[in-house]
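Structure record follows, encoded as structure tokens.
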Amino acid sequence: MHAELKRFDQAIKADTSLQTEIQSNVKDSAGLVSFANERGYNFTLEDLNGAAASLDTKDLDKISGGAGMAPVMVVVVVVPVIIVI
């Protein structure tokens, strides 16, 4: 995973207000990239889509079932998955 994308993921997991902002304001993958870039995280839509494409079956099972995933993580991961599919 791209280092900046990983840093953004860690920030989301640690900050509930950031989670709420994403859930309220981000509608698609491009919006998530813009949201992150505006806050100093430097990654592209291609980086995000690449991370989604690299998910294995176990990761996808977690998303579809919600097992052990924070709700915002589903937003971060599912949005690109929808685009990739």
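Is there a residue in the stretch 23-30 that is part of a loop (DSSP other than H, G, I, E, B), over 10 Å from the mean Cα position of the chain (by Cα), on the phi > 0 side of the Ramachandran plot and not β-branched (Val, Ile, Thr)?
No, there is no match, as no residue in the stretch 23-30 is part of a loop (DSSP other than H, G, I, E, B), over 10 Å from the mean Cα position of the chain (by Cα), on the phi > 0 side of the Ramachandran plot and not β-branched (Val, Ile, Thr).
Quick check on the stretch 31-46: of everything there that is of a type in the set (S, T, N, Q) and in a helix (DSSP H, G or I), which residue is farthest from residue 6 (Cα to Cα)?
Only one residue tops the list, namely 34.
Just so you know, all these numbers are worked out from the coordinates, no wet-lab data involved. Since this is a predicted model, take the numbers as computed values, not measurements.
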